[in-house]
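Undergrad: To start, I am sharing the structure in question, which I have written as structure tokens.
Quick note: the coordinates plus some simple rules give every number you see, no bench work behind them. Being a predicted model, the structure only gives us computed values, none of them experimental. Reconstructed Cβ throughout: ideal geometry from the backbone, glycine too, with neighbour counts over all protein chains shown.
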Protein chains: 2
Amino acid sequence: MNRKITDPFLPPERLLLGPGPSPVAPEVLAAMAHPTIGHLDPAFIGLMDELKAMLQTMFNTKNEATFTVAGPGSVGMDACILNMIEPGDKILIARNGVFGMRMSEVASRGGATVVPLDFEWGTPVDPAAVDAALAKDKDIKFLAFVHAETSTGVLSDAQALGAVAKKHNVFSIMDCVTSVGGVPVEMDAWSIDVLYTGTQKCLSCPPGLSPVSFNQRAIDHIKARKTKVLSWFLDVTQVMAYWGGEGARAYHHTAPINALYGLHEALRRVLVEGLDAAFARHRKAHQYLVAGLQKRGMEMLVAESYRLPQLNAVKIPAGADDAKVRRSLLLDHGIEIGAGLGPLAGKVWRIGLMGEGARVESVDRLLAALDKVLVKEPA
Amino acid sequence: MNRKITDPFLPPERLLLGPGPSPVAPEVLAAMAHPTIGHLDPAFIGLMDELKAMLQTMFNTKNEATFTVAGPGSVGMDACILNMIEPGDKILIARNGVFGMRMSEVASRGGATVVPLDFEWGTPVDPAAVDAALAKDKDIKFLAFVHAETSTGVLSDAQALGAVAKKHNVFSIMDCVTSVGGVPVEMDAWSIDVLYTGTQKCLSCPPGLSPVSFNQRAIDHIKARKTKVLSWFLDVTQVMAYWGGEGARAYHHTAPINALYGLHEALRRVLVEGLDAAFARHRKAHQYLVAGLQKRGMEMLVAESYRLPQLNAVKIPAGADDAKVRRSLLLDHGIEIGAGLGPLAGKVWRIGLMGEGARVESVDRLLAALDKVLVKEPA
């Protein structure tokens, strides 16, 4: 490694089958390499309008307040929670993995009183338990939950959770970072008030952007706040002024122009394929992977009825060295898979079949590599 | 305009001579189009280490805590201020333009007591006035100021301001979004404790990233906080764990991989040219522009002694229609310049000669276009 600091960086070739980022199509990479234009250029404003329309289609919503926060999914989480809560507000957070835990951390830093509702990692959020918790404490104003838990590979029933929140007249805030583009997300039909997602999962766009949507009820709530949003950058009413929610565009921050070119192309590709076709492709690759793993005697962590197609947590076979296997897959075979997190560290691998990665060919390549790597491991 | 939602977006060609983004070199655009790899890939960790070293060179600092926040410059401002202040802390904010005002807004949302110190827009921050303000109120813990005010084109004396802060034993927080790469920034020599910058100005990288640096004194201060940082995403101690400040890398957020490829290439290009050569190029283009404008009877807003080479505020000639001229430059000639902000709206144009834009050829193209557009305007 005699690299000088001024040597160009050339990334190695990887097949990204971890929890994200997912493989990015050459067309999306090429779109990001288009020349930069100004963030107030009429041509760029046109791009923003098209992005909004495409995101509305992705989320199945008519919400005007549908736009992109200029940071990765974690910033979307910050944005959604910190705009909705005010210090002292009570928020029920359903937690069945890393990202539910993170929501708690975000909300409590924002001054909210967090009412946690915990579920075993590897199982979904139970709408009946949420219903009971909301019935018990009438001061709760918000329900936050993760639609598709990337840390475990579990899909929760967002439709049922949205209905429970509506029944108790609390705002629902949904993390759909890993669900959008891989499984249906029906924001309006499910009565979800606020959601955020990421670009680096089933949309197959590089990380760095967080599309969000707020319905009118949520926007009215934010406009009626007694305190200002803690972060100037994340204040939705100001960001919306730039995204053209009401009247003239006002300069807020400098939008990440080229990243948004990439997102435009990535969304375009999903819509040209069609959402239903994309969902079917994710399911097909998933079923093919599960069959292949099971044929090799390996076992899935999550029960079939709430298993995510795009994120597959598989139990590490007895005798296999977790880190060594992942390292060999990466360095000898150019394939990235993910480690387990929290209580699942060392117990599962997380295999992502997201966006462009959700193909039978990817699974074949992974299974072939896994066969070679596991044979080399002591039994 | 019969665009379908699924038509690809092709940006028009623009010469970016506004307040940012600046023109991006084809090599930087190409770097961003390299295939995405994982944010925990050893190859990517290597990239992060190189970025850190290059940023240290840019800032002239040895600070370990030198890294990139995954959002535009406004997020860097949020990150630096919200990590340093705790509710009730007093912060002196020197304000001589839009970005000093924004710092106040960020600090007061974070619960700080802002002591504003205002200077006329178009003039620099006066170190003697800062000295007097700090002498008067011993409860003040922080001094925040903007090195290069993008809204006016004024350079303040950061060396003197750093010395004043040190004398009074307060932390200095410097916005150097527009200065880095265009004029010298000597973080360690000037005793600056915390700084943030952006990528879309004199580094000629697309917007979306904010390099920051904290010295050890600032990090110790953050570690001794009594309250948690309000934003989970921006908590420097956690971000540092990912950037490898101390011990093993911990997953925090998904880094914007391809944007960081671009920043690596942009920094590499500046360092290959050499900082002194880059500064000289900015000065030369600036002097050439000023001469050209003055020859046409136009007048600069800012006095020569503290005029920024990279951001030139020129008074709009009598009789010229501000918006119409800018629109014609953009749409008829493909050249973007900036409008005035706040009290300077309608009074000045802001001409950026930043990074790749700081070339005599760019100035020639602008002056030629300006001649055509102004002739068409009613006198």
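Undergrad: Post the alpha-carbon centroid distance, the stretch B:80-108 to the stretch A:1-77, in whole angstrom.
TA: After rounding, the separation between the Cα centres reads 30 Å.
Undergrad: Among A:ARG296, B:ARG102, rank each residue by its count of other Cβ atoms within 10 Å, from fewest to most, as a rough exposure measure.
TA: By the 10 Å Cβ count, ascending, the order reads A:ARG296, B:ARG102.
Undergrad: Another question, if that's okay. Would you tally the net charge around B:LEU161, using a Cβ to Cβ cut-off of less than 14 Å, leaving B:LEU161 out, and scoring K and R as +1, D and E as -1?
TA: Its environment carries a net charge of -4.
Undergrad: In units of 2.2 N^0.38 Å, what is the alpha-carbon radius of gyration of the stretch B:54-156?
TA: Normalised by 2.2 N^0.38 Å, the Cα Rg of the stretch B:54-156 equals 1.10.
Undergrad: Compute the signed sum of charges (Lys and Arg +1, Asp and Glu -1) over the other residues within less than 11 Å, Cβ to Cβ, of A:ARG268.
TA: -3
Undergrad: What percent do you get for the relative contact order of chain B when only Cα pairs under 8 Å and 6+ apart count?
TA: Across chain B, relative contact order equals 24 percent.
Undergrad: How far apart are the A:LYS372 label points across copies, placing each 7 Å from Cα toward Cβ, in nm, shortest first?
TA: 5.9
Undergrad: Evaluated at 10 °C with a viscosity of 1.306 mPa s, what Stokes-Einstein diffusion coefficient in µm²/s does the stretch A:271-377 have when Rh comes from the Kirkwood expression over alpha-carbon pairs?
TA: Answer, rounded: 112 µm²/s.
Undergrad: Stokes-Einstein diffusion coefficient for chain B at 37 °C in a medium of 0.692 mPa s, Rh from the Kirkwood formula over Cα pairs: what value in µm²/s?
TA: The Stokes-Einstein estimate is 153 µm²/s.
Undergrad: Would any residue of the stretch A:50-92 have its amide N under 19 Å from a label point 7 Å out along Cα→Cβ of A:GLN216? List them or say none.
TA: Only A:53, A:56-57, A:60-67 pass the distance filter.
Undergrad: Give me the distance in nm between label points sitting 7 Å out from Cα along the Cα-to-Cβ direction at A:GLN294 and A:GLU186, one decimal.
TA: 2.7 nm
Undergrad: Sort out for me the Cα centre separation of the stretch A:132-175 from the stretch B:222-277, rounded to whole Å.
TA: 33 Å
Undergrad: In deg cm²/dmol and to the nearest 500, what is the mean residue ellipticity at 222 nm of the protein assembly as shown if only DSSP H runs of at least 4 residues count, each as -39500 (n - 2.57), divided by the residue total?
TA: -12500 deg cm²/dmol
Undergrad: Let me ask something else about it. Tell me the distances, shortest first, between A:THR237 and the same position across the other copies, using label points 7 Å along Cα→Cβ, in nm to one decimal.
TA: When each copy's label point is compared with this one, the spacings are 3.3 nm.
Undergrad: Gaussian network model of chain A, Cα springs within a sub-10 Å range: biggest mean-square fluctuation belongs to which of A:TYR242, A:TYR251, A:TYR196?
TA: A:TYR251
Undergrad: Tell me, what is the FRET efficiency for A:ASN2 and B:GLU13 to the nearest 0.05, using R0 = 41 angstrom and their Cβ-Cβ distance as r?
TA: 0.55
Undergrad: What residues qualify as long-range amide H neighbours of B:GLY111, i.e. H under 5 Å apart, gap of 5 or more or another chain, H built at 1.01 Å from N?
TA: HN-HN under 5 Å from B:GLY111: empty list.
Undergrad: Here's a follow-up. Rounded to the nearest Å, what's the spacing between the alpha carbon centres of the stretch B:299-318 and the stretch A:333-370? Just the number, please.
TA: 57 Å
Undergrad: Once you average over the residues of A:20-32, how many Cβ atoms of partner chains fall within 10 Å of each Cβ?
TA: Mean number of neighbouring Cβ atoms from other chains: 4.
Undergrad: Continuing with this model, one more query. Between A:ASP321 and A:LYS226, how many nm apart are label points set 7 Å from Cα along the C-beta direction?
TA: If labels sit at A:ASP321 and A:LYS226, their model points lie 5.9 nm apart.
Undergrad: Skipping prolines and chain starts, which residues have an amide H placed within reach, meaning under 5 Å, of the one on A:LEU311, given they are 5 or more residues away or on another chain?
TA: The list, which skips near neighbours in sequence, is A:LEU353.
Undergrad: Still on this model: Can you compute the label reach from A:LYS284? Point 7 Å from Cα along the Cβ direction, backbone N cut-off under 17 Å, restricted to the stretch A:302-330.
TA: Backbone N within reach: A:309-310.
Undergrad: I would also like to ask the following. Per-residue HN-Hα couplings for the stretch A:65-81, Karplus 6.51 cos²θ - 1.76 cosθ + 1.60 at θ = phi - 60°, whole Hz, x for Gly and Pro?
TA: With coefficients 6.51, -1.76 and 1.60, one gets 7, 10, 7, 10, 7, 7, x, x, x, 4, 6, x, 4, 3, 4, 5, 6 Hz.
Undergrad: If the protein assembly as shown were replaced by its equivalent ellipsoid, with semi-axes equal to the square roots of 5 times the Cα gyration tensor eigenvalues, what would those be, largest first, whole Å?
TA: 43, 28, 26
Undergrad: Continuing with this model, one more query. Could you sort B:228-237, B:286-295 so that the peptide with the highest average Cβ count within 10 Å comes first and the rest follow in order?
TA: B:228-237, B:286-295
Undergrad: Further, regarding this structure: Taking a label point 7 Å from Cα toward Cβ, how far is A:ALA135 from its twins in the other copies, in nm, shortest first?
TA: 7.0
Undergrad: Then there is this: Taking every DSSP beta bridge that has both residues in chain B, what percent is antiparallel when rounded to the nearest 5?
TA: The antiparallel proportion sits near 50 percent.
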